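**Q** This structure is in C-alpha cells; I'll ask about it shortly.
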Amino acid sequence: MKYITEEPIDLVGMLQEAHHPAAGAIVLFSGEVRDHNGGKSVAYLEYESQITMASKMIALILKEAKSRWNLTIATAQHRIGKVKVCESAVVVITASPHRTEAYASNRYIIDRIKHEVPIWKCEYFSDGTKEWGGNCNCQKETGDPNKHIYESADQ
Amino acid sequence: MKIEVFAVLKDYFKKEFEIADKLDTIADLKQYLITLNPSSVEVLSRCRFAVADDFVVDNYKITGDDNIMIIPPSSGG
C-alpha cells in the first residue's frame with residue numbers, strides 16, 4: 001500500500017478493497033479541500049511531505065490501531081501536490097466486525113496523521129495570497145512538540 | 001553536515017544547504033540557524049529535528065556526515 005501519493009485518491013477503489021467477510025462495519029473518512037478557511041476564499045491546497053518518514057509513521061499508526069481495536073482492515077492514504085476544492089486529500093478506512101471499533105479507530109488514525117506525520121499543507125487563496133497551515137499547535141498547550149491533544153476522546 | 005528543510009521553513013532558508021562549521025548538538029544547530037536568520041526564531045522553536053528518518057532530541061550529538069532534516073509542525077489532513 002502506498003501511503004503517500006501524488007495521484008488523485010481512488011476512494012471507490014480503496015473501499016472496494018476493504019470489503020471483508022469478517023467485517024460487519026467499514027468506515028471511510030475522506031478529508032477534503034473546502035473552499036474557505038478563516039473567512040477567506042480558498043482556491044486550492046498544495047501538500048508536501050517527507051515521504052519516507054511519513055510512510056513509516058502511517059504504517060506504524062495503522063498497525064497499532066489494528067492491534068488495539070482488533071480491526072479486520074486499517075488503511076490510509078494521503079495525497080501530496082496540488083489538491084483542488086472537493087478533492088480528497090486524505091482517506092482512512094477501518095473495517096471491523098462491529099461499528100464501534102471501526103468509528104473509534106478511524107478517528108484515532110486521522111487524528112494521529114494530522115498531528116504527528118510530516119505532511120504539510122499550504123493554502124492558496126483566491127486573492128493570490130498563500131499561507132502554510134499549522135493545524136498542530138499542541139505544543140503551545142503541552143510545551144512538548146511530541147505531546148498532542150487529540151479530538152478523539154480515548155487517546 | 002547537510003540540512004534539509006520543509007514547508008514553511010523554505011520561506012526562511014534554502015531547501016537544502018550545507019554547514020561547514022562544527023556544531024556539537026541539535027541545540028547548537030538551532031542557535032546557529034537563528035543567528036543566520038533571526039526571523040526564524042519562532043518557527044524553529046516549534047520544529048522537530050530528524051536524522052536518518054528518526055526524530056532526535058536537542059542534545060543529540062551531531063557528526064559531520066549527518067543529514068539533518070528540520071520538520072515543522074504537521075498540517076496534513
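**Q** Tell me, what is the percent relative contact order of chain A, built from C-alpha pairs under 8 Å that lie six or more residues apart?
**A** That works out to 30 percent.
**Q** Counting other C-beta atoms within 10 Å, which of B:49, B:17 has the fewest, and how do the rest follow?
**A** Ascending number of Cβ neighbours within 10 Å: B:17, B:49.
**Q** Further, regarding this structure: Out of all DSSP beta bridges in chain B, what portion is antiparallel? Express it as a percent rounded to 5.
**A** Around 75 percent antiparallel, to the nearest 5.
**Q** To continue, here is another question. What's the exposure ranking of A:101, A:87, A:141, going from fewest to most Cβ atoms within 10 Å?
**A** A:141, A:87, A:101
**Q** Gaussian network model of chain A, Cα springs within a sub-10 Å range: biggest mean-square fluctuation belongs to which of A:95, A:104, A:76?
**A** A:104
**Q** Another question, then. Tell me what the protein assembly as shown gives for mean residue ellipticity at 222 nm when only DSSP H runs of n ≥ 4 count, each as -39,500 (n - 2.57), the sum divided by the residue total, rounded to 500 deg cm²/dmol.
**A** -8500 deg cm²/dmol
**Q** Okay, next question. Quick one: 3J(HN,Hα) in Hz for segment B:15-26, Karplus 6.51/-1.76/1.60 with θ = phi - 60°, rounded, Gly and Pro as x.
**A** Whole-Hz 3J(HN,Hα) from phi for segment B:15-26: 3, 9, 7, 10, 10, 8, 4, 7, 10, 7, 10, 4.
**Q** Which far-off residues, 5 or more places away or on another chain, put their amide H under 5 Å from the one on residue A:37, with H placed in the peptide plane?
**A** For residue A:37, the qualifying residues are A:42.
**Q** Toward the positive end of the charge dipole of the protein assembly as shown, about the Cα centre and with charges on Cβ (Lys, Arg +1; Asp, Glu -1), which of B:67, A:8, B:55 goes farthest?
**A** Value: A:8.
**Q** For residue B:14, go through the aspartates and glutamates and keep the ones whose alpha-carbon is under 13 Å away, minus same-chain ones fewer than eight residues off.
**A** Cross-link targets: B:4.
**Q** Let me ask something else. For a quick check: sort A:98, A:78 by the number of other beta carbons within 10 angstrom, fewest at the front.
**A** Listing A:98, A:78 from fewest to most nearby Cβ atoms yields A:98, A:78.
**Q** Indicate the gyration tensor shape class of the protein assembly as shown (rounded, prolate or oblate), computed on the Cα atoms with a ≥ b ≥ c the square roots of the eigenvalues: a/c under 1.5 is rounded; otherwise a/b larger than b/c is prolate and the rest oblate.
**A** prolate
**Q** Most fluctuating residue of A:72, A:94, A:142 in a GNM of chain A with Cα springs under 10 Å: which is it?
**A** Taking springs between Cα atoms under 10 Å, the residue moving most is A:142.
**Q** Moving on. State which entries of A:2/A:66; A:40/A:121; A:121/B:22; A:130/B:10; A:56/A:121 exceed 24 angstrom in Cα-Cα distance in the structure shown.
**A** A:121/B:22, as the Cα separations exceed 24 Å there.
**Q** Right, something else. Which cross-chain or sequence-distant (5 or more) residues have an amide H under 5 Å from the amide H of residue A:5, H modelled 1.01 Å from N in plane?
**A** A:78, A:79, A:80
**Q** Hey, any idea what Rg/Rh is for segment B:2-71, computing Rh the Kirkwood way over Cα pairs?
**A** 0.90
**Q** Below 8 Å, C-alpha to C-alpha, sequence gap of six or more: please give me the relative contact order for segment B:2-71 in percent.
**A** 42
**Q** Choose one answer from A:99, A:79, A:107: the residue with the largest mean-square fluctuation in a GNM of chain A with alpha-carbon springs under 10 Å.
**A** Comparing A:99, A:79, A:107 in a Gaussian network model of chain A, the most mobile one is A:99.
The numbers here are math on the coordinates, done by the rules we state, and not lab data. What you see is a predicted model, and the numbers here were worked out from it, not measured in a lab. For neighbour counting, all protein chains shown are included, and Cβ atoms are generated from backbone atoms with ideal geometry for every residue, glycine included.
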